[in-house]
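Chemist: Structure below; questions to follow.
The values are calculated or read from the model by the stated rules, or taken from the named source; none is laboratory data. Keep in mind that what you see is a predicted model, and the values were worked out from it rather than measured. For neighbour counting, all protein chains shown are included, and Cβ atoms are generated from backbone atoms with ideal geometry for every residue, glycine included.
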Amino acid sequence: MKSIGKTAPILLAAFFAQNALTAPTGDAASTNATVKTQDSIDIQRLMDSYHEAVVTHDGARLARLFIPEGSAWLNVLSDDAYARAKAKSPDAKKIRVGSFKDFAELVSHTKANFDPRHTHLQINSDGTIASVYFDFIFLSDGKETNHGSETWQLVKGTDGWNIAAITYSSNPTT
């Protein structure tokens, strides 16, 4: 699997092929197609910025991709991962609430080389809100530490797209 930055053109082509517009004809159809195309490009840039911030340990840049207040960060253990966690600690939680601020702090201070890889990207947007769903593999120092599926809820503010929520299934390797 390749990192998202290297697969962006392929992912966008697949997205457009799978999401052909059935919009009204005439000027409205042209406008809707342009908005959908630009949203996909802008959302891909947001995802590329996320990846670059994680890889370069730029926690401040990472944090700026989120809405500053009210963002959600949910990590849901798969049934198998939850069973392993319960075996180690009876009070383990299946759903863990986190924070983009905590992740940004980790990214800023870790000595490990992080590389989140995203595949099977699906984008849905009406031009104001969007959802992105994809599969991920999270590498630390070149070794897989987690994999699963992830969804981002996005909102488009005056300065462009921001992440409002990240929810991901978690299948840690340890």
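Chemist: For the range 63-94, how many residues are part of a loop (DSSP other than H, G, I, E, B) and either of a type in the set (F, W, Y) or loosely packed, with under 12 Cβ neighbours inside 10 Å (or both)?
Modeler: Count: 6.
Chemist: Sticking with this structure for a sec: With the structure loaded, tell me whether A60 is modelled with pLDDT of 95 or more and surrounded by 17 or more Cβ atoms within 10 Å (Cβ to Cβ) or whether it fails that test.
Modeler: So A60 does not fit the description; no.
Chemist: Is it the case that S99 is hydroxyl-bearing (S, T, Y), more than 19 Å from T173 (Cα to Cα) and surrounded by 15 or more Cβ atoms within 10 Å (Cβ to Cβ)?
Modeler: No: the conditions fail for S99.
Chemist: While we're looking at this one, here's another question. If you check every pair at least six apart or on different chains, which have Cβ atoms under 7 Å apart with a residue in the range 71-93 that is of a type in the set (S, T, N, Q) first and a residue that is part of a helix (DSSP H, G or I) second?
Modeler: What qualifies is S71/F100.
Chemist: Let me ask another. State all residues of the range 115-147 that are crowded, with 19+ Cβ neighbours inside 10 Å and touching a residue at least 60 places away in the same chain (Cβ under 8 Å); if no residue qualifies, say none.
Modeler: R117, H118, L121, I123, S125, A130, V132 - these are the residues of the range 115-147 that are crowded, with 19+ Cβ neighbours inside 10 Å and touching a residue at least 60 places away in the same chain (Cβ under 8 Å).
Chemist: So, one more: Only one of L139, L121 is of a type outside the set (G, A, S), in contact with a Leu (Cβ under 6 Å, 6 or more places away or on another chain) and farther than 20 Å from A72 by Cβ; which?
Modeler: The conditions single out L121.
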